[in-house]
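Below: one structure, written as structure tokens.
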Amino acid sequence: MFLEPTDMTNGGAADSAAEQRRVDEIVARGPGGAFALAGIAVAIVMALWLAFYFLVFVARGGD
């Protein structure tokens, strides 16, 4: 767990605990955005590959 230094004056410890709970909640949701981005990237690559295959190889009557 990563703890960042905080200002310990004016209730900094309480703010730190609340901030740590907030970070823990965000991390608990998991890497959904990363998986979505990877899925979109794979879909684009596959679409380009299929377009190249059909527009170049099939159009020429190649093997």
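Computed from the coordinates by the stated procedures, all read-outs in this text should not be read as laboratory data. Because the structure is predicted, anything quoted here is derived from the model rather than measured. Glycine gets a Cβ as well: all are built from the backbone with ideal geometry, and neighbour counts include every protein chain shown.
In a DSSP loop and with at most 11 other Cβ atoms within 10 Å, the trypsin sites (Lys or Arg not before Pro) in the stretch 21-63 are 29.
The eigenvalues of the Cα gyration tensor, multiplied by 5 and square-rooted, give the stretch 12-63 an equivalent ellipsoid with semi-axes of 50, 7, 4 Å from largest to smallest.
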